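Working notes, structure below.
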Amino acid sequence: MHTPTGSATDSTGGEPLISLRDVRKSFDGRAVLEGVNLDVRRGETMVIMGGSGSGKSTLLRLIIGSLKPDSGSIRLLGEETTTLERSRFDELRKRFGILFQSGALFNSMTLAENVALPIQEHTTLDRAIIDIQVKIKLELVGLLEHADKYPAQISGGMKKRAGLARALALDPDILFYDEPSAGLDPVTSSQIDRLISDLTRKLGVTSVVVTHEMDSAFAIADRMAMFDRGRMLAVRERDWFNSLRAADDERARELDDDQRLIRQFLRGDPEGPLTQRRQTGGLERALFGDNPLLHTPSIIPTRAT
């Protein structure tokens, strides 16, 4: 299937804020990403989706610099990061924020102290100015009245919002979200989705969201990228994916293999190419193949033999 991977320039006519070309990554000889190409334009919300083990989280780690690719080019905010010196990358990191799946708050600090930490660490602002900045960020996520609480005293959804306030602390150009709706009830998940959309619009930031929650993905995305087994199957506008999700069975028979796979994932159908692939010989090979799980005993028995 031929699908566009994004133009060489963003919608404003400038260079994309994030650009990947032929990015490859393997672990222990197993390919996790195979020749990935992707552009993320200024001011858009790009949703990266795929099943567990598809490579989407690895891609995020490569972009933010916690992993190095085996080959390929990654340009972030105009810099080629694959060859960037560590000191320069540390400076670049001040221009993006990350909302981790768990929120990753420091339990010994209040919410206000968590948000203040990156400002204190990376600026020389006076304490009074930092205090104002913290209040602004907490108000943006609706947590100003809870500023003096500790992470153990708030709900999971509030932790996500507090983590987002901290990600906003240095007024980043790009926000990265790792499964922002994971572990949340439907109402709280919808609130997080609305918050992401509001912040993207109000602050003009570029957002990259890694998720497999389809309701969230369609609620916030401008464009979407679909991964499967390390391959980028499609990078298209949200409406294209929505049309594929809505395709009836008759139309589905006219789709190619990749499109049928994407459709099943988007719809959460119990039957389709994804499930057929898992069932075809997989269990037999796992049970009787030449790849044992246990190489040494878990324990040494003490009983007499």
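The values are calculated or read from the model by the stated rules, or taken from the named source; none is laboratory data. Because the structure is a prediction, the values reported are computed rather than measured. Quick reminder, even Gly has a Cβ in these numbers, built from the backbone with ideal geometry, and neighbours come from all protein chains shown.
Inspect all residues belonging to the stretch 214-222 and state whether any of them is at pLDDT 90 or above, surrounded by 12 or more Cβ atoms within 10 Å (Cβ to Cβ) and among the charged types (D, E, K, R). Checked against the condition, which is being at pLDDT 90 or above, surrounded by 12 or more Cβ atoms within 10 Å (Cβ to Cβ) and among the charged types (D, E, K, R), the stretch 214-222 yields at least one hit. Of the strands (runs of 3 or more DSSP E) lying entirely inside the stretch 173-247, those carrying at least 3 residues that are within 15 Å of the chain's Cα centre (by Cα) and among the aliphatic types (A, V, I, L, M) are 206-211, 223-228. For first residues located in the stretch 164-175 and closer than 16 Å to THR45 by Cα, partners that are polar (S, T, N, Q) and lie 6+ apart or on another chain with Cβ distances below 8 Å form the pairs ASP173/THR206; ILE174/THR206; ILE174/SER207; LEU175/THR200; LEU175/THR206; LEU175/SER207.
For the stretch 96-150, the candidate set comprises residues that are free of Cβ contacts under 8 Å to residues at least 24 places away in the same chain and of a type in the set (Lys, Arg); within that set, the residue that is nearest to VAL40 (Cα to Cα) is LYS135. When GLN276, GLN259 are screened for being outside any loop (DSSP other than H, G, I, E, B), modelled with pLDDT of 90 or more and closer than 21 Å to GLY51 by Cβ, only GLN259 passes.
GLN153: free of Cβ contacts under 8 Å to residues at least 12 places away in the same chain, polar (S, T, N, Q) and at negative phi, yes or no? Yes. Taking the stretch 47-66 on its own, how many of its residues are farther than 19 Å from GLY35 by Cβ, hydroxyl-bearing (Ser, Thr, Tyr) and in contact (Cβ under 8 Å) with a residue 24 or more places away in the chain? Residues meeting the conditions: 1.
Exactly one residue out of SER66, SER155 is more than 30 Å from LEU20 (Cβ to Cβ), among the polar types (S, T, N, Q) and exposed (fewer than 13 other Cβ atoms within 10 Å of the Cβ): that is SER155.
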